[in-house]
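Let me begin by presenting the structure, written as structure tokens, before commenting on it.
Quick note: the coordinates plus some simple rules give every number you see, no bench work behind them. From a predicted model like this one, the values you see are computed outputs, not experimental measurements. Cβ: placed from backbone, ideal geometry, glycine included. Neighbour counts: every protein chain shown.
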Amino acid sequence: MTGPTPDKAVDLAESRPGPTATTTTTARSPLGRGGLRTPGRIGWLFVLPALGFYAVFVLRPIALTFQYSMYTWDGIGPSTWAGFGNYLKVFTDPDLFDSILNAVKLIVFFSAIPVVMGLAIASTIRRIAASRLALVARTVIFLPQVIPLVAAGIAWSWLLSSTGLVNQLLTYLGLGGVTRAWLGDFATALPAVGVIGAWVLLGLCTLLLLAGMSKIDPALYEAARLDGAGPLREFVSITLPSLRQEIAVCVTVTVIAALASFDIVYISTQGGPGNATMVPGLEIYYLAFSERQVGVASALAVVLMALVIAVALPIQWLTRDRSS
């Protein structure tokens, strides 16, 4: 038998995949289709535990709350289907609906006052940032954030009582006719609670806004001064536009704090006098654990959650950075 001719042998050698071709193919396979998906799969493995906790401790309770809101239930015995009757009661019962209105009124104290005052204080501190007074001011203003809200509520209850320090100072200044039990008067109880909330949230807003101001290029202020701009013009033309995101965070956090307020109200007034300071969070607590109306309490909780979302989302949309 005769072997292949030299020309055919060359053709056969070229048609066979050599060791180099095999090695190249094997080296490229991890970068193929399956390899490109591997980092994404690994990322999901890191995210899955957090998603599991979120589903169990957030999404599941929300779903159960909505389920309970469709029944008349005392929390122990058998339940009865109520449909949307509990939601109808939330909007038709004056006590329940007034609690929502009280929370909306608290937005003025919990949100508007801390943000406006925080802007003024942060702007002042920025101007004296190199002095020791700035450090002292930041510490004193942020102090309410490190004090437990229960302790803050108790302290303010003493200050605003009929014999408290506030009334003593008013009497000393010759304003004894103005003194009253600020947390026990129907006309002043809700504003007094609002003052406590504003005091608590002022430090947080001030530090957030101050941190935002520290990112503003000082050259902008120098250029404005060269053009003859005063402090007010600098604040309106440079500071405010540059703090869009920080203001959005402050407004969102404080509005949610106003709508979901509980601890300050519970410690200082417990919803009184009468229902003058009753808020949804406290009303839900009383309905569920004192009056055993779990269905109505769940319906009010769902309405409160929807209200928070309805208020927070427009704030985020209006203050988002449209340049991106």
What is the magnitude of the charge dipole of the chain about its Cα centre, with +1 placed on the Cβ of each Lys and Arg, -1 on the Cβ of each Asp and Glu, and no other charges, expressed in debye to the nearest 20? 780
Quick one: which residues, 5 or more positions from TYR71 or on another chain, have an amide H under 5 Å from its amide H? H modelled 1.01 Å from N in the peptide plane, none for Pro or chain starts. ALA82
Longest principal axis of the chain (C-alpha) makes with the long axis of helix 6-15 (C-alpha) an angle, in degrees to the nearest 10, of 10
Computed D for the stretch 42-149, Stokes-Einstein, Kirkwood radius over alpha-carbon pairs, 4 °C, 1.567 mPa s, to the nearest µm² per second, is 67
Would you kindly calculate the mean projected area, averaged across all directions, of the convex hull enclosing the Cα atoms of the stretch 181-224, in square nanometres? 4.6
Using the alpha-carbon atoms, what tilt in degrees (0 to 90, nearest 10) does helix 113-127 show relative to the longest principal axis of the chain? 70
0 to 90° range, to nearest 10: angle between helix 33-54 axis and the chain longest Cα axis: 20
Where Rh is the Kirkwood radius over Cα pairs, Rg/Rh for the stretch 107-261: 1.06
To the nearest Å, what is the center-to-center distance of the stretch 64-90 and the stretch 115-176, using C-alpha atoms only? 44
Would you compute, for the Cα atoms of the chain, the largest minus smallest coordinate along each principal axis and list the three values in descending order, in whole Å? 128, 75, 30
